[in-house]
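The values are calculated or read from the model by the stated rules, or taken from the named source; none is laboratory data. Because the structure is predicted, anything quoted here is derived from the model rather than measured. Using ideal geometry, Cβ is built from the backbone for each residue, glycine included, and neighbour counts are taken over all protein chains shown. These area figures cover heavy atoms from the full protein model, side chains too; ligands, DNA and RNA do not enter into them. Shrake-Rupley method; radii C 1.70, N 1.55, O 1.52, S 1.80 Å.
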Amino acid sequence: MARDNSRPVRRRTLTREKVVATALDIVEELGWEQLTMSTLSARLGIVAASLYNHVRNLDDVRSAVQVRAMTDLGLHLREVAMGRSGLDGLRALIDAHRAWAVEHARLYGALTAAPVDRDALVGAALDANVALRTMLSSCGVPATESLEVAISMFAALHGFATLEGSGFLGDELDLDQIYDTVVRGVLAAVPATGTHTG
């Protein structure tokens with residue numbers, strides 16, 4: 001029996017990677033809460049049921065988005081940290097965190113939402129944690145204290161980044177001046193001996 005060549009052969013081109021990349025695009029454009037299986041399938045031009053050939057459920061997609069965002073932020077911070085040390089290096093790292101959070105405001109909101117898979121997210125945060133704790137060590141913070149100091153710094157910087165990214169602070173205030181005040185407070189927790197620049 002002859003094959004009917006008049007109809008195009010449909011090849012399976014959808015992959016998990018493409019699904020996650022599309023989910024990231026949705027979060028960047030619309031926000032974390034707008035990431036649903038129906039939104040995702042519509043963006044991909046498929047029926048929702050087809051997604052389950054590549055992901056388990058919405059939590060699987062959301063976890064992948066958080067992990068990818070954390071990995072991206074960590075790589076960015078690691079690149080900034082390369083060849084730097086001391087307070088100058090720490091300030092560069094802090095500024096890089098702000099820049100990434102501003103450029104990817106909605107993705108940053110997703111990244112810092114309640115973790116869908118905490119273990120996976122902690123694993124993805126390795127680059128960011130190593131970059132920050134190594135920089136703190138170069139500033140004289142003992143290794144036994146670096147985790148607590150790093151988390152305290154992140155809490156303060158995250159608070160500002162969230163308010164800035166959400167637009168809560170508006171346009172009337174000098175955000176750079178407020179940011180500098182926050183950073184001065186953060187750096188006050190670093191020993192005065194950490195002044196070398198490497």
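Laid out as a table, the results:
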quantity: Residue 101 being assigned to a helix (DSSP H, G or I) and either under 15 Å from residue 77 (Cβ atoms) or at pLDDT 90 or above (or both); calculated: yes
quantity: Among residues of region 37-49, those that are in contact (Cβ under 8 Å) with a residue 12 or more places away in the chain and out of contact with any helix residue (DSSP H, G or I) (no Cβ under 7 Å at 6 or more places or on another chain), counted; calculated: 1
quantity: Number of positions in region 96-127 that are under 18 Å from residue 180 (Cβ atoms), in contact (Cβ under 8 Å) with a residue 60 or more places away in the chain and surrounded by 15 or more Cβ atoms within 10 Å (Cβ to Cβ); calculated: 3
quantity: Hits in region 180-198 (condition: open to solvent by less than 50 Å² (accessible area, probe 1.4 Å), at pLDDT below 90, touching a helix residue (DSSP H, G or I) at 6+ places or on another chain (Cβ under 9 Å) and not β-branched (Val, Ile, Thr)); calculated: 194
quantity: Residue, surrounded by the most Cβ atoms within 10 Å (Cβ to Cβ), within region 48-95, restricted to residues that are among the basic types (Lys, Arg) and outside any loop (DSSP other than H, G, I, E, B); calculated: 62
quantity: Residues located in region 128-179, provided they are within 16 Å of residue 90 (Cβ to Cβ), hydroxyl-bearing (Ser, Thr, Tyr) and open to solvent by less than 80 Å² (accessible area, probe 1.4 Å); calculated: 137, 138, 146, 152, 179
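Okay, residues lined up against (1) of a type outside the set (A, V, I, L, M, F, W, C); (2) under 22 Å from residue 84 (Cα atoms):
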position	(1), (2)
132	no, yes
140	yes, yes
158	yes, no
172	yes, no
177	yes, no
